[in-house]
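Let me begin by presenting the structure, written as structure tokens, before commenting on it.
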Amino acid sequence: MDVIPGTHASSTFMAYISILKECCLEKDAIINCDETWCRVKVKAAYRKRYIWCLVNKSERIVTYCYEDDSRGSGVLRHILGDHAIKALQSDGYNVYMHLDNNLIDIKHVCCMAHARAKFKYALEWGGEIDTAFFHCIGELYVLEAKYEHGRPSPEQIKNCRNNLKTKEIIIRLRSKLNAWLSEGHPPRGELMEKALRYLNTFWTQLFAYTHDSPYTIDNSIAERFIRLLAGERKNSLSFGSGKMAGISDAYHTIILACKCRVSLYCNI
């Protein structure tokens, strides 16, 4: 695409960004999604708005979407539009439950790293001494690391994720969770309660990664790319308008499009 110099350059880039988004959300795509907040001047006051990051790992595309709205499910519905993607992986917060309640044709995969982090916080800051949950999830990560380094075929990865060893870990984890959720279990701290609630609420979505080889155990790839904008927020403090927030998104989308195409940037 020829880039027109001067004031027409921005419209040229916006057309390119639209093409990138369409390619990112192609039919049967597997999308990793995350979001971060930013301060945007709306009328006379600065308000919290959200920027969303969409990653299509197989196509090596990263796009950012600023929406002049809250973090509600309507924003996600607007971003996805009528695109028939196969799956969306997220951190599992309530906004993404819109997928399970309304977009039944899209597989929702949650982030195991979030579950593990919650149990880690309970151990380090909540005074808990039972490490079973943390270590069971760690065992699943060890298996995933072996698959990554061994470079097996997609079919082999799917088979390994459903072999007896993996199922034994999952069964052990479920049994432990049921015991902790039983009425007769002793009281626990607030951090442990949050970790247990997250694991129980999103159990199906957390283990959806075992259903297909292209799925990943966590959402770290999207979190890695959204971190770029989180750092920008700390430096630039705020945007003077929604238009400027959109320009920032366009800038980062174009830069990453170049990096992802010409290098193994971040091993995407």
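Would you check if Asp105 is at negative phi and either modelled with pLDDT of 85 or more or over 17 Å from the mean Cα position of the chain (by Cα) (or both)?
Numbers: at negative phi: yes; either modelled with pLDDT of 85 or more or over 17 Å from the mean Cα position of the chain (by Cα) (or both): yes.
Yes; evaluated as a whole, the condition is true for this residue.
Give the residue that is farthest from the chain's Cα centre (by Cα), with candidates limited to residues of segment 49-60 that are closer than 16 Å to Lys86 by Cα and assigned to a strand (DSSP E or B). Working first, answer last.
Taking segment 49-60 first, the residues closer than 16 Å to Lys86 by Cα are 54-59.
Filter again for assigned to a strand (DSSP E or B), leaving 54-56.
Working: Leu54: 8, Val55: 9, Asn56: 11 Å.
Going through the qualifying residues, I end up with Asn56.
Output the number of the condition that Gly92 fails; it satisfies all remaining conditions of (1) at pLDDT below 80; (2) out of contact with any Cys (no Cβ under 6 Å at 6 or more places or on another chain); (3) crowded, with 20+ Cβ neighbours inside 10 Å.
Checking Gly92 against (1) at pLDDT below 80; (2) out of contact with any Cys (no Cβ under 6 Å at 6 or more places or on another chain); (3) crowded, with 20+ Cβ neighbours inside 10 Å, the one that fails is (2).
Consider Lys57 against the criteria (1) modelled with pLDDT of 90 or more; (2) at positive phi; (3) of a type in the set (Lys, Arg): it satisfies all of them except one. Which criterion is unmet?
Every listed condition holds for Lys57 apart from (2).
When you look at His135, is it under 24 Å from Ser220 (Cβ atoms) and surrounded by 11 or more Cβ atoms within 10 Å (Cβ to Cβ), yes or no? Walk me through it before giving the result.
Working: under 24 Å from Ser220 (Cβ atoms): yes; surrounded by 11 or more Cβ atoms within 10 Å (Cβ to Cβ): yes.
Yes.
Filter segment 157-191 for residues that are closer than 16 Å to Ala132 by Cβ, in a helix (DSSP H, G or I) and in contact with a Phe, Trp or Tyr (Cβ under 8 Å, 6 or more places away or on another chain) and give the result.
Residues satisfying the conditions are Ile170, Leu173, Arg174, Lys176, Leu177, Leu191.
I'd like to know if segment 234-253 contains one or more residues that are surrounded by 15 or more Cβ atoms within 10 Å (Cβ to Cβ), touching an Asp or Glu at 6+ places or on another chain (Cβ under 7 Å) and not assigned by TED's automatic domain parsing to the domain that holds Ala29.
Among the residues of segment 234-253, not one is surrounded by 15 or more Cβ atoms within 10 Å (Cβ to Cβ), touching an Asp or Glu at 6+ places or on another chain (Cβ under 7 Å) and not assigned by TED's automatic domain parsing to the domain that holds Ala29, which makes the answer no.
All but one of (1) in contact with a Leu (Cβ under 9 Å, 6 or more places away or on another chain); (2) closer than 24 Å to Asp34 by Cβ; (3) assigned to a helix (DSSP H, G or I) hold for Val109; state the number of the condition that does not hold.
Exception for Val109: condition (3).
Using the structure shown, decide if Thr201 is surrounded by fewer than 18 Cβ atoms within 10 Å (Cβ to Cβ), of a type in the set (Ser, Thr, Tyr) and within 19 Å of the chain's Cα centre (by Cα).
Values: surrounded by fewer than 18 Cβ atoms within 10 Å (Cβ to Cβ): yes; of a type in the set (Ser, Thr, Tyr): yes; within 19 Å of the chain's Cα centre (by Cα): yes.
Yes, satisfied.
Which condition from (1) surrounded by 14 or more Cβ atoms within 10 Å (Cβ to Cβ); (2) at pLDDT 75 or above is the one that Trp125 breaks?
For Trp125, the exception is condition (1).
The values are calculated or read from the model by the stated rules, or taken from the named source; none is laboratory data. Quantities reported herein were computed from a predicted structural model and do not represent experimental measurements. Cβ: placed from backbone, ideal geometry, glycine included. Neighbour counts: every protein chain shown.
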